[in-house]
Structures are given as structure tokens and as C-alpha cells.
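**Student:** Attaching a single structure in C-alpha cells format; questions to follow.
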Amino acid sequence: MDAQELFEKLAPLQAAKGFHFNPDTAMVLDLMAGLLTNKERYGYMACPCRLASGKFELDRDVVCPCEYRAPDVAEYGACFCGLYVSEAVRDGRQPLPVVPERRPVEKTLAALG
Amino acid sequence: MSADIKVYALSTCVHCKHAKEFLEEKHIPYDCVHVDYLTGEERTKIMDIVRKLNPALSFPTIVIGDKVIVGFRRDELLTMLESCGK
């Protein structure tokens, strides 16, 4: 599966749950490629913008869609990596924000081992 | 003049990619460390450095001289580059 195929597979599934992809398709395809790279590396699609440990139990909260997607989209209008966005960002009424890391640093440190 | 810009990045992260493209567009030299390519002690050592710069341990972490920018913040990066004459 390549980035485009993953995009076409996920888009309808996530739209049905009320989660919209970033309208910047080039960026989305880059993120899809990052997810596929992590799937190859670790066996699961860890967030492409976070450092995964490779241990699923320690990375569970940042396996895409991550635990922080909903609160980030609600508060900022996008998830951390910018894959999922609010309707306002999707429709161009709000620019894509820079989202600060919501994940507790302790989890990132624990994953470092 | 050695590049005094350091980008701590992940090879899979689109924001990191955009930050590097931004610097390249402006022909500004920088050093990049792809932390996801590092393993073991080397990764731990670099993460210790990143943590001192950016307690959230997120990427990109961009260092310009003694200043740190967390995330790809285009305007902030532009202002900082201009203020140090880049």
C-alpha cells in the first residue's frame, strides 16, 4: 500500500466518524508516507511527528489516530501532526495552527527506556 | 562560517520537512539530526540535549544561536533569522 491508497482507504472511514483530513493534500500524503514508514519499522502506525519507541505498549497513546487527536482538534483546530483538522480549517476559515505537544513528557521519557 | 542553526527532527515528520525546506529556500545552512535514525546511547544522549532545549521533547526543535523554536513556526523563524542577520 502506498500513501495515496492509504489516504483513499482512511478518508471515508474517518469522515464517517466526523474527523476531516487537512485540505493540503501534499502534506497529507507526506503524513501518510510517514505512517507507512512507521508501520514498516514498528508494525503499527505511530504518529509520524513523534518519536516512537518501538514498544507498542509504550507507544499506544500515539498510534494514529492518537489519544490527543480529539482534544487537539477541538482546542487548536488540528491534531499535533496536522493530519486531522476542524471544519473551520478544512473549509479555509481558519489557518492550520501550530499545535503544541499535549502528550505528557513522562510518556515520551518512559518510551526512551 | 559554520552553520549555527541546528534542527532536531524526525525523518517522518512533515513539519520538520517544511522547516528544512524553508531554510533551504533561503539558502541558509543548517545541521540536522534525524533522531529517529539514532539508536541506543546516541539517541539517549541527543534526547537529553533536546530535553534541555525543549522540555516537551517534541519535533522539530530548532536552535539558532542561543534561541530555540519549538515546532515549525514560519513567522517566528523568519523574525529570528532576520534578527541574527541571516
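**Student:** Take the residues in region A:1-33 that are out of contact with any Lys or Arg (no Cβ under 6 Å at 6 or more places or on another chain) and assigned to a loop (DSSP other than H, G, I, E, B), then tell me which one is farthest from A:PRO95 (Cα to Cα).
**Tutor:** Within region A:1-33, the match that is farthest from A:PRO95 (Cα to Cα) is A:MET1.
**Student:** Can I ask one more? Six or more apart or on different chains, Cβ under 6 Å: which pairs go from a residue in region B:4-16 that's more than 10 Å from B:VAL35 (Cβ to Cβ) to one that's open to solvent by 10 Å² or more (accessible area, probe 1.4 Å) and part of a strand (DSSP E or B)? Could you list them?
**Tutor:** B:LYS6/B:ASP31; B:LYS6/B:VAL63; B:VAL7/B:CYS32
**Student:** Shifting gears a bit: Which members of region A:34-52 meet the condition of being in a loop (DSSP other than H, G, I, E, B) and either within 10 Å of another protein chain (Cβ to nearest Cβ) or within 21 Å of B:LYS17 (Cα to Cα) (or both)?
**Tutor:** Answer for region A:34-52, where residues must be in a loop (DSSP other than H, G, I, E, B) and either within 10 Å of another protein chain (Cβ to nearest Cβ) or within 21 Å of B:LYS17 (Cα to Cα) (or both): A:MET45, A:CYS47, A:PRO48, A:CYS49, A:ARG50, A:LEU51, A:ALA52.
**Student:** If only one of A:SER86, A:SER53 is modelled with pLDDT of 95 or more and of a type in the set (Ser, Thr, Tyr), which one is it?
**Tutor:** Going through A:SER86, A:SER53 in turn, just one is modelled with pLDDT of 95 or more and of a type in the set (Ser, Thr, Tyr): A:SER86.
**Student:** Does region B:52-73 hold any residues that are within 13 Å of the chain's Cα centre (by Cα) and either within 9 Å of chain A (Cβ to nearest Cβ) or in a loop (DSSP other than H, G, I, E, B) (or both), and which are they?
**Tutor:** Matches in region B:52-73: B:ASN54, B:LEU57, B:SER58, B:PHE59, B:PRO60, B:GLY65, B:ASP66, B:VAL70, B:GLY71, B:PHE72, B:ARG73.
**Student:** Report, by residue number, each residue of region A:2-50 that is touching a residue at least 24 places away in the same chain (Cβ under 8 Å) and on the phi > 0 side of the Ramachandran plot.
**Tutor:** none
**Student:** Checking the conditions here, which among A:ARG69, A:ARG103 is in contact with a helix residue (DSSP H, G or I) (Cβ under 7 Å, 6 or more places away or on another chain) and touching a residue at least 40 places away in the same chain (Cβ under 8 Å)?
**Tutor:** Step by step, each of A:ARG69, A:ARG103 is checked, and only A:ARG103 is in contact with a helix residue (DSSP H, G or I) (Cβ under 7 Å, 6 or more places away or on another chain) and touching a residue at least 40 places away in the same chain (Cβ under 8 Å).
**Student:** Assess whether B:GLY85 counts as being over 25 Å from A:LEU83 (Cβ atoms) and more than 14 Å from chain A (Cβ to nearest Cβ).
**Tutor:** yes
The rows are residues; the columns are (1) modelled with pLDDT under 95; (2) more than 11 Å from the chain's Cα centre (by Cα); (3) more than 30 Å from B:GLU41 (Cβ to Cβ).
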| position | (1), (2), (3) |
| --- | --- |
| A:ASN22 | no, no, yes |
| A:LEU29 | no, yes, yes |
| A:LEU58 | no, yes, no |
| A:VAL63 | no, no, no |
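**Student:** Please tell me if A:ARG90 is in contact (Cβ under 8 Å) with a residue 40 or more places away in the chain, among the basic types (Lys, Arg) and crowded, with 19+ Cβ neighbours inside 10 Å.
**Tutor:** No.
**Student:** Here's something else I'd like to know. Looking for whichever is assigned to a strand (DSSP E or B) and open to solvent by 60 Å² or more (accessible area, probe 1.4 Å) here; the options are B:LYS45, B:LYS6, B:LYS17. Which one fits?
**Tutor:** B:LYS6
**Student:** When region B:8-41 is examined, which residues are found to be within 14 Å of chain A (Cβ to nearest Cβ), farther than 21 Å from A:LEU29 by Cα and of a type in the set (A, V, I, L, M, F, W, C)?
**Tutor:** Correct list: B:VAL33, B:VAL35, B:LEU38.
The values are calculated or read from the model by the stated rules, or taken from the named source; none is laboratory data. All values reported here derive from a predicted model rather than from experimental measurement. As a convention, Cβ positions derive from the backbone with ideal geometry for all residues, glycine included, and neighbour counts pool all protein chains shown. We work out accessible area using only protein heavy atoms, side chains counted, and drop any ligands, DNA or RNA first. Shrake-Rupley method; radii C 1.70, N 1.55, O 1.52, S 1.80 Å.
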